[in-house]
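Notes follow the structure.
Taken together, the values in this text are just the output of simple stated rules run on the coordinates, not laboratory data. Fair warning: this is a prediction, and the values are worked out from it, not measured in the lab. Virtual Cβ from ideal backbone geometry, glycine too; neighbours counted across all protein chains shown.
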Amino acid sequence: MKKIFLPLVACFISFSALAQTKVGTIDSDLVISSLDEVAQVQKDLEAYNAELEKQFKDLVTKYQTAVTAYQDAEATASEEDKQTKQEEIVGMEQDIQRFRQNSQGLISIRQNELMQPLYQKVGQALNQVAQEQNYSQVLTLNAGVAYFDPAHDLTQAVADKLGVTLKVQGQQDQTALPTQN
């Protein structure tokens with residue numbers, strides 16, 4: 001009797017646990033890209049990129065000036081002065097190379113800083129929707145969900161909570177997702 005009773009109890013517990021789990025999905029990238037604040041983030045990133053480009057051009061101009069000055073004074077300069085100027089020029093080349101390498105990382109860091117409030121905003125709205133609709137788990141479609149039931153997609157509900165009209169992916173403005181009739 002125990003051999004039959006224990007598996008039945010285990011099955012009953014498993015089924016009751018599954019019955020309490022409600023899993024939904026969200027396309028968080030679509031919601032975030034539909035937020036009006038994304039345009040400001042893009043403008044801020046473009047301004048930051050322009051600032052970095054100006055700094056880069058200033059470094060290159062300084063380098064070119066140093067090379068020209070070296071070439072002009074090379075014939076009359078002492079070997080010690082030539083060596084010093086060459087070391088300065090090599091140092092400037094290395095600075096330019098480091099700046100070029102670091103600028104992409106700086107842009108990524110800046111983008112993360114600017115996007116963080118948007119991720120938090122969507123996360124808070126998602127938490128509210130999930131709690132209101134009794135979801136125990138929500139998966140993001142961007143993480144590669146193999147299958148999802150559109151009836152459990154919370155993307156539109158989160159957009160509604162934020163007062164956002166979803167845009168079709170790949171388009172920046174104007175086009176909202178068609179509603180199902």
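Here are some notes:
- Residue exposure sequence - I26, I32, I109, I96 - by fewest surrounding Cβ within 10 Å: I109, I96, I32, I26
- Cβ-placed point charges (K, R +1; D, E -1), dipole of the range 44-167 about Cα centre in debye, nearest 20: 560 debye
- Exposure proxy for R110, R98: other Cβ atoms within 10 Å of each Cβ, ordered fewest to most, give R98, R110.
- Cα lying deepest toward the dipole's positive end in the range 22-162, options T140, L106, A157, charges on Cβ: A157
- Calculated diffusion of the range 22-162, Stokes-Einstein form, Kirkwood radius summed over Cα pairs, 4 °C and 1.567 mPa s, µm²/s: 67 µm²/s
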